[in-house]
1. Setting aside same-chain residues fewer than 8 positions from LYS50, which lysines have a Cα under 21 Å from its Cα?
2. From the helices alone, meaning DSSP H stretches of at least four residues, give me the mean residue ellipticity at 222 nm for the chain, per-run term -39500 (n - 2.57), in deg cm²/dmol to the nearest 500.
3. Would you please give the residues with an amide H less than 5 Å from that of PHE136, counting only those at least 5 places away or on a separate chain, with H modeled from the backbone geometry?
4. Rounded to the nearest 20 Debye, what is the dipole magnitude of the chain about its Cα centre when Lys and Arg each give +1 and Asp and Glu each give -1 at the C-beta?
5. List the residues whose amide H sits under 5 Å from the amide H of SER234, counting only those 5 or more places along or on another chain, with H placed 1.01 Å from N in the peptide plane.
6. What is the Cα centroid distance between segment 251-289 and segment 58-103, reported in whole angstrom?
7. Enumerate lysine pairs in segment 234-329 that are 8 or more residues apart or on different chains, then count those whose Cα atoms are under 14 Å apart.
8. Order of CYS117, CYS132 from fewest to most other C-beta atoms within 10 Å?
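Just so you know, all these numbers are worked out from the coordinates, no wet-lab data involved. All of these numbers come straight from a predicted model, not from anything done at the bench. We place every Cβ from the backbone using ideal geometry, glycine too, and count neighbours over all the protein chains shown.
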Amino acid sequence: MLLVSRITEPQARLAQEALSQSGNDVEGILAQDLAFVGLNQADSFFGPAKKRPFQIVIDASKLKKISGVRKQKDEKGGDVIIIPQLPRRFISAIEPASTIHRTHILMNTSMIDEKWCSHALRPYLHPEDEVCVLAFSFFDDTKNLEDWNRQYKRGQGIWYKTNTDVFFSFGLKESQVHWVNYFTDSPEKIRRTIQNSSVLMLTGGAPDLMMKRIREFRLQKTLRAFQGVVIGYSAGAMVQLGDYHITPDEDYPDFSWQKGIGWLKDFDVEVHFHHSRIQKKGMNRAFGEKGLPIYAIEEQGGMIVDEQGKKSFFGKVECFDENHPDYGL
């Protein structure tokens, strides 16, 4: 988990000089009592990035090693960490405030703690994280709060533990997993929950209905600016894309293209891939119409797109393009 403090260009220049000189600390060059917040809180706390073009980045896990650290609440109730002195060894980077730190994980299941995948995800999940579960992907038969509770409520919902307890093996506690409730939460509360989180879990179900609800609550801007780790499974994997296709199945009788959040735009996915003829036909059509490589993710498979856009894979994933044996089927 990363924390940032916005600084002015002259401060950044001086700090960079200090960092380049071995043995020098940043304290005394930067202002004392630096305020640090989570990456997603920076704009609301410091103001728009364009007014303060640089930021200091530190690793939150190192806070306990820095002397004099104290926490307080800002005007909006968010946590602000005050660091009176910041030795340079604790600085991860000094960078433009527009820099995005976001890693994408695309899977078919919420069971991130299972042996076949947990080793691949462990570098991205930490005991200091705060998780937002955006459960907006339920189908239209969930019509009211009572229906929603049967699926997601603590102690009652059939999907609660599979989206909460799975974080425990990574060192998180239940109090660090925060659910968004479509039927009771205001748009402002949902935005705050997202902004106060370093991990965003996008649930499976109906991708088009998830996007409909995201637009209804006007969350596009908040989501596109999110920094941290995005874990999306099934529908939650699909909506991470700019455009995604839906292959016909028991829930969707017709092939279609849909708009996603737009974080990832250079590929497409086929989720729950089990080598069926209809899936191969759908991938052929999708590739023919868009020309994007399609990553076919089997049940025990997943992919990671890091901050630089580099892709890595775990479990069973195939790349479908003109070189795939089923191309042109």
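1. Filter leaves LYS221.
2. -6500 deg cm²/dmol
3. The answer is THR203.
4. 1000 debye
5. MET107, ASN108, THR109
6. 41 Å
7. Working: LYS259/LYS290; LYS265/LYS290; LYS265/LYS310; LYS265/LYS311.
Taking the Cα cut-off of 14 Å, the pair count is 4.
8. Details: CYS117 19, CYS132 24.
Lowest to highest Cβ neighbour count: CYS117, CYS132.
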